[in-house]
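Beneath this line is the structure, given in structure tokens, with notes to follow.
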Amino acid sequence: MQLTILGSGSSAGTPVLGCLCDTCSSNDPKNKRTRCSSVIKLDNGKVILIDTGPDLRQQALREALTNVDAVLYTHTHADHLHGIDDLRAFCQIQKRQIPLYGSAQTMTHIAEKFGYTLREPSDFWELPILKTHPIAGPITLFGHTVTPIPVKHGNTDIYGYRVGDIAYLTDVSAIPETSLSLLKGVKVLLLDCLRNSTHFTHINLEQSLAYARQINAESTYLIHMTHELEYHALTARIPANVHVGYDGLKINLS
């Protein structure tokens with residue numbers, strides 16, 4: 001199984017438009033962050049995309065991604081959803097419908113806002129051909145167990161996901177105890193880490209590191225970061241088993 005971080009940035013991306021801070025001015029590609037998303041390639045070749053941010057086309061071109069077999073949605077904020085139209089390219093290549101999975105609320109929102117994408121396959125492939133599947137517990141997808149992990153995002157209930165021994169938690173303000181129990185034994189954790197200072201709808205660096213210690217994965221990768229966190233400066237501040245995620249990072253798990 002291989003996970004690729006498509007985007008490690010927050011809703012504004014990095015560099016931030018008009019900003020001249022050290023991170024935004026950096027020429028290091030590890031400080032260039034598109035909006036948060038990842039893709040998992042399973043051992044059987046199937047590809048699961050997590051979220052469709054507005055940078056999906058750019059990310060797919062960068063990673064030579066031409067196949068998507070399913071999409072897991074964490075929630076419906078623009079930086080995680082509004083690239084949904086770019087799924088039509090994968091439908092055109094594959095000539096098949098792509099299933100979408102997420103909470104009932106998320107699937108309803110997609111139906112209301114992007115209803116034109118929900119279509120049955122025919123000879124017409126000029127639009128996305130998608131189908132929603134509300135989930136409230138573990139499902140089997142391409143022979144692998146996918147477990148939604150309920151977390152808080154401010155006042156909103158959203159999903160993280162566990163796929164085998166990989167867990168993906170973005171846009172987290174709190175992880176309930178019942179959800180922490182679903183993360184026992186996870187080997188690779190991708191975890192929200194917005195900035196240094198506190199925020200109402202996201203955990204900050206201190207909180208992220210505390211959750212990393214509590215979950216105790218073999219390796220934790222920080223994602224959904226603002227320009228406040230410069231790659232090398234942050235790397236110097238964190239434990240050896242915690243890593244700063246970056247666009248294009250590939251994580252292999254046997």
Would you check which residues across the range 196-234 are within 17 Å of the chain's Cα centre (by Cα), assigned to a loop (DSSP other than H, G, I, E, B) and not β-branched (V, I, T) and list them? H202, H224
Among the residues of the range 78-93, the number that are surrounded by fewer than 19 Cβ atoms within 10 Å (Cβ to Cβ) and either under 12 Å from the mean Cα position of the chain (by Cα) or farther than 15 Å from T117 by Cβ (or both) is 2
Among the residues of the range 152-186, which ones are more than 19 Å from M1 (Cβ to Cβ) and among the aromatic types (F, W, Y)? Y159
Can you tell me how many residues within the range 8-19 are touching a helix residue (DSSP H, G or I) at 6+ places or on another chain (Cβ under 6 Å) and closer than 7 Å to R35 by Cα? 1
Within the range 15-71, the residues that are hydrophobic (A, V, I, L, M, F, W, C) and in contact with a His (Cβ under 8 Å, 6 or more places away or on another chain) are V16, C19, C21, C24, C36, L42
Those strands (runs of 3 or more DSSP E) lying entirely in the range 1-100 with at least 2 residues touching a Leu at 6+ places or on another chain (Cβ under 8 Å) and either farther than 23 Å from A136 by Cα or not β-branched (V, I, T) (or both): 2-7, 37-41, 70-72
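So that you can scan it fast, the table gives a plain yes or no per residue for (1) closer than 16 Å to V39 by Cα; (2) not polar (S, T, N, Q):
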| position | (1), (2) |
| --- | --- |
| R88 | no, yes |
| Q94 | no, no |
| F124 | no, yes |
| K131 | no, yes |
| V151 | no, yes |
| G154 | no, yes |
| V163 | yes, yes |
| I175 | no, yes |
From the set of residues in the range 20-53 that are among the small types (G, A, S) and free of Cβ contacts under 8 Å to residues at least 60 places away in the same chain, which is surrounded by the most Cβ atoms within 10 Å (Cβ to Cβ)? S37
In this structure, does E63 turn out to be within 30 Å of D157 (Cα to Cα), acidic (D, E) and surrounded by fewer than 17 Cβ atoms within 10 Å (Cβ to Cβ)? no
In the set P150, P128, P121, which member is in contact with a helix residue (DSSP H, G or I) (Cβ under 7 Å, 6 or more places away or on another chain) and outside any strand (DSSP E or B)? P128
Within the range 24-31, can one find any residue that is closer than 21 Å to I84 by Cα and at pLDDT 95 or above? no
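The rows are residues; the columns are (1) over 29 Å from P150 (Cβ atoms); (2) among the hydroxyl-bearing types (S, T, Y).
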{"position": "T34", "(1), (2)": "no, yes"}
{"position": "V68", "(1), (2)": "no, no"}
{"position": "I93", "(1), (2)": "yes, no"}
{"position": "D123", "(1), (2)": "yes, no"}
Say whether the condition of being over 21 Å from T132 (Cβ atoms) and touching a helix residue (DSSP H, G or I) at 6+ places or on another chain (Cβ under 8 Å) is met by at least one residue in the range 61-76. yes
Restricting to the range 212-230, name every residue that is without any contact (Cβ under 8 Å) to a residue 40 or more places away in the chain and farther than 27 Å from S25 by Cα. A212, R213, Q214, N216, E218, S219
Condition test on T117, is it more than 18 Å from D171 (Cα to Cα), of a type outside the set (A, V, I, L, M) and buried (at least 21 other Cβ atoms within 10 Å of the Cβ)? yes
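The values are calculated or read from the model by the stated rules, or taken from the named source; none is laboratory data. For clarity, every value in this text was computed on a predicted model and none was experimentally measured. All Cβ positions, glycine included, derive from the backbone under ideal geometry; neighbour counts span all protein chains shown.
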